[in-house]
Amino acid sequence: MKKPNYAAMFTLRKDGRYMGYYRGPDGRRRAIYDRDPERLYFRIQDKETPQRTTFREVLDSWEAKHREEIRDRTWANYAPHVESIRSLYGDTPVEDLTAFDVQQDLLTQKAKGLSYTVVNSRRCIWRMALDHAVGDPNIRLPYNVALGVKNPKGLPKGSRETPEDGILDQIIDGANDMTFGFVPFFLLCTGLRRSEALQRPARDVDLKKWEISVTKAKTKSGVRIVPIIEPLRDPLKAWMKAHPGEWLFPHIDYYAGRKAASGYMSDTNWDTAWLAYCKAHGWLDADGKPTVGAHHLRHGTATLLYEAGVDVYTAQHILGHANVTTTLAIYTDLRKKHEAKNVRKFSRALSKKLSKTRNKA
């Protein structure tokens, strides 16, 4: 094939450079110069058909910018999704992605039998990464196509069981344990999420009004005042006296009794102490992993609220649920379990009476 006459395509200036034109993103015509007409030709092609940003580049840029803002535990859940999305959609120009692509990806995860929590994490990644792209002036993405995408209906939701009565009794028995046992007792009494408790400044605890201020939260409903109930008061005062400082739960090697670092108790610090605590109580499975977690304690709080007859709206406020339907779902589940338990009691009682009547006959 004959090579094009690139020199004939452009105007040769007196200074020995060739001049050509290209249209910018705003449609305006702009001049460009080069001494080599062939190179000038390809420079114009690059200007008029700029390289398109792939979603892989967006994900990489988002991860590099926001990774430090995401807690290690949360990132451990995000990472497999990020890699999966990168492999499936990484080569797609970001401006070519549609809401249909996002929805189909979530439906694929549903077909795998994944839970609501897992699929929702994946949806969050789509939204955060595309938000990052919209905010980048070099990408020129007009809007986030994932914003209107909802989770598929019918996703299974995992149940969080209340710890058995024997476990609750052991947690309550550890109320005055100033090494670590007080911490799960505190969670049980307050219903605070683990992160809300561990990141709580000591100044948020008011021992005169007997309340705890949660001043920062992911949702508006998460900002709340949590009452300090009577059984928690004396152990809490003893804890704060034993562990003075900026944070209610400082970063301490609890079983060695010494400070390991400044700041509040980290996830790693918690995991180490919690594993030792569960091991001491025999709450480990065959793989040596705890059978009880902080989320079980929070569900335990909801159970105690229900059994005490606390109305659902008060329980919602204490637990910091964004929507009362979350609290209602827990209460409804607990009511069904209590009804089933009472039916079994009734059945056993009636069986005994029938047995006695038959024996007399």
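Test residue 64 against the criterion of being of a type in the set (Gly, Ala, Ser) and either in contact (Cβ under 8 Å) with a residue 24 or more places away in the chain or within 22 Å of residue 152 (Cα to Cα) (or both), and give yes or no.
Answer is no for this residue.
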_Residue count for region 304-323, restricted to those that are of a type outside the set (Gly, Ala, Ser) and loosely packed, with under 13 Cβ neighbours inside 10 Å_ = 5
*Which residue pairs have Cβ atoms under 8 Å apart, sit 6 or more places apart or on different chains, and have a first residue in region 72-98 that is part of a strand (DSSP E or B) and a second that is at pLDDT below 90?*
93/52; 93/53
*Residues that are surrounded by fewer than 18 Cβ atoms within 10 Å (Cβ to Cβ), assigned to a helix (DSSP H, G or I) and not aliphatic (A, V, I, L, M), drawn from region 102-118*: 104, 108, 116, 117
*Which residue pairs have Cβ atoms closer than 6 Å, lie 6 or more positions apart in sequence or on different chains, and pair a first residue in region 302-316 that is in contact (Cβ under 8 Å) with a residue 12 or more places away in the chain with a second residue that is among the β-branched types (Val, Ile, Thr)?*
302/330; 303/162; 312/327; 315/327; 316/324; 316/327
*asked:* Here's a check for you: in region 37-70, which residue that is modelled with pLDDT of 90 or more and polar (S, T, N, Q) is farthest from residue 13 (Cα to Cα)?
replied: 61
*Take residue 67 and decide whether it is out of contact with any Leu (no Cβ under 9 Å at 6 or more places or on another chain) and not assigned by TED's automatic domain parsing to the domain that holds residue 126.*
no
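Looking for whichever is modelled with pLDDT of 90 or more and either in contact with a strand residue (DSSP E or B) (Cβ under 8 Å, 6 or more places away or on another chain) or polar (S, T, N, Q) (or both) here; the options are 117, 98, 162, 190. Which one fits?
On the way: 117 fails: modelled with pLDDT of 90 or more; 162 fails: modelled with pLDDT of 90 or more; 190 fails: modelled with pLDDT of 90 or more.
The unique qualifying residue is 98.
The values are calculated or read from the model by the stated rules, or taken from the named source; none is laboratory data. Owing to the predicted nature of the structure, the values given are computational and were not obtained by experimental measurement. Counting neighbours? That spans all protein chains shown, and the Cβs are built from the backbone with ideal geometry, glycine included.
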